[in-house]
Structure formats: C-alpha cells, structure tokens
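The values are calculated or read from the model by the stated rules, or taken from the named source; none is laboratory data. The model shown is predicted, which means the values in this text are computed figures rather than measured ones. Heads up, the Cβs are rebuilt from the backbone with ideal geometry, glycines too, and the neighbour counts pull from every protein chain shown. When the accessible area is computed, the model is the full protein with side chains, heavy atoms only, and any ligands, DNA or RNA have been set aside. Shrake-Rupley method; radii C 1.70, N 1.55, O 1.52, S 1.80 Å.
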Amino acid sequence: MKITIFGTGYVGLVTGTCLADVGHDVLCMDVDADKIARLEGGEIPIFEPGLEPMVKDNVEAGRLRFTTDEAEAVAFGTLQFIAVGTPPDEDGSADLTYVLAVAETIGKHMTDHKVIVDKSTVPVGTADRMRETVAGALQARAAAIDFDVCSNPEFLKEGAAIQDFTQGARIIVGTESERVKTLMRECYAPYIRLHDKL
C-alpha cells in the first residue's frame, strides 16, 4: 500500500518507519529541506531506541523515502497521514495552522481519491475544518474529486514509541465511511492479524 506521511517529527517518523517495516511503500514529506537531507543521509533528528537501524533498513529496502516536494507527496499515497505539530496557542488551545496548511496542500495537488488521516493531536471538530479546507482548495481549482477525512490518534511515549506503535493495546480510527474502514484495515493489517484491536 502507498502511504504519504506529512511531517517527519516524532509521530511522523515513527509512524512512517513502522508502516514501511511491515511492507508498505512510504513517502515522508517535510518542508524542512535540511531535515530531509539529513534523513536521506541516514541521520535521525530524534532519539528513539531502535529507530535509526529501522529507518536505515527500510530506506535500503526502498520502502521508505523522503521528499520536500508537496506535489510528489500528494500524488504518492492513497492514505495521506498528517503528523505535523499542533503547538499550544496563546490561550492554550491547539494551533491548527500546520494541520490546515497540509489539508490545503492536499486539496491543491490531489488528482484522485485520497483518505486524509489526521494523526496530529487536535481538538474535537478538526476533521470538519480539514474537510472544509480541502473542499475549498478543490473548489478554487474547479476540481470535483472525492476524498475522505478520518481521525487516527496516536498514543506514543518517547522512549517506547516503536513498541507503542507495533504492540499498542488498540488502534483507533474515526470514520463513517466503509471505504475508509477497509483501507485503514489494510494499512494496519500486519498489526491486527492475531488480535483485532482496530
């Protein structure tokens, strides 16, 4: 399965690497060209036990790649994971600037059906705002392209993130779409074969 991950911070890099490690074809996109160059050179910008060799193995196997090219990233994956930062705003609420910027980018470049998966830590109602943002970008280019938005929150602890991702007690997906359920089941199939925790 082809999967795009927006954001190569803690959540994005761990998610992308773990999904590549079970056989998916993963492209991680980041606007930080320096960070992407370092990742391509095998340098990991965060410390997480076991992550560095896992990234190297999957890059060598051709299942994990990195880019700064937004159009390439949107064209690549059926699933478009948004794993960018949501720093606290002045009032303490989550700042959705980066999440909505990625949603707009996807709307600007998509040419076929996409499932936009929100992995960032966001408040209730964010999926609706993302849907409006994508729809607005599509409308601006007079493009009628079908898309879905779903929520897939992460529960990763620093220092145990790989274990939390691969052996977590549950995988939560918020959607009303049967098509999305099927695709997310396919995405997480290697993790739910023995025990359906989706």
Would you point out the residue of region 9-34, among those that are part of a loop (DSSP other than H, G, I, E, B) and in contact with a helix residue (DSSP H, G or I) (Cβ under 6 Å, 6 or more places away or on another chain), that is surrounded by the fewest Cβ atoms within 10 Å (Cβ to Cβ)?
22
Boolean, residue 45 is part of a loop (DSSP other than H, G, I, E, B) and open to solvent by 60 Å² or more (accessible area, probe 1.4 Å):
no
Scanning region 184-196 residue by residue, those open to solvent by 90 Å² or more (accessible area, probe 1.4 Å) and part of a helix (DSSP H, G or I) turn out to be 185, 186
Within the bounds of region 173-182, is there any residue that is out of contact with any Asp or Glu (no Cβ under 9 Å at 6 or more places or on another chain), in contact (Cβ under 8 Å) with a residue 12 or more places away in the chain and assigned to a helix (DSSP H, G or I)?
no
Going by the structure shown, is residue 147 in contact (Cβ under 8 Å) with a residue 24 or more places away in the chain and touching a strand residue (DSSP E or B) at 6+ places or on another chain (Cβ under 6 Å)?
yes
Can you name the number of the only condition in (1) surrounded by 15 or more Cβ atoms within 10 Å (Cβ to Cβ); (2) outside any loop (DSSP other than H, G, I, E, B); (3) acidic (Asp, Glu) that residue 154 fails?
(2)
Search result, residues across region 48-84 that are assigned to a loop (DSSP other than H, G, I, E, B), at pLDDT 95 or above, surrounded by 15 or more Cβ atoms within 10 Å (Cβ to Cβ) and not small (Gly, Ala, Ser)
63, 68, 78
With respect to residue 114, is the statement that it is open to solvent by less than 60 Å² (accessible area, probe 1.4 Å), closer than 21 Å to residue 30 by Cβ, within 19 Å of the chain's Cα centre (by Cα) and not β-branched (Val, Ile, Thr) true?
yes
Per-region count, region 157-172, residues open to solvent by 90 Å² or more (accessible area, probe 1.4 Å) and part of a loop (DSSP other than H, G, I, E, B):
3
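Yes or no, residue by residue, for (1) more than 18 Å from residue 188 (Cα to Cα); (2) touching a residue at least 24 places away in the same chain (Cβ under 8 Å); (3) among the charged types (D, E, K, R):
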{"site": "9", "(1), (2), (3)": "yes, yes, no"}
{"site": "17", "(1), (2), (3)": "no, yes, no"}
{"site": "23", "(1), (2), (3)": "no, yes, no"}
{"site": "29", "(1), (2), (3)": "yes, yes, no"}
{"site": "33", "(1), (2), (3)": "yes, yes, no"}
{"site": "36", "(1), (2), (3)": "yes, yes, no"}
{"site": "47", "(1), (2), (3)": "yes, no, no"}
{"site": "60", "(1), (2), (3)": "yes, no, yes"}
{"site": "77", "(1), (2), (3)": "no, yes, no"}
Filter result (in a helix (DSSP H, G or I) and either of a type in the set (A, V, I, L, M, F, W, C) or over 16 Å from the mean Cα position of the chain (by Cα) (or both)) within region 98-111:
99, 100, 101, 102, 103, 106, 108, 109
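Does residue 143 satisfy being modelled with pLDDT of 90 or more and either assigned to a helix (DSSP H, G or I) or among the basic types (Lys, Arg) (or both)? Working first, answer last.
On the way: modelled with pLDDT of 90 or more: yes; either assigned to a helix (DSSP H, G or I) or among the basic types (Lys, Arg) (or both): no.
Here the answer is no, as residue 143 does not meet what is asked.
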Right, residue 181: open to solvent by 40 Å² or more (accessible area, probe 1.4 Å) and either of a type in the set (Gly, Ala, Ser) or under 21 Å from residue 8 (Cα atoms) (or both) or not?
no
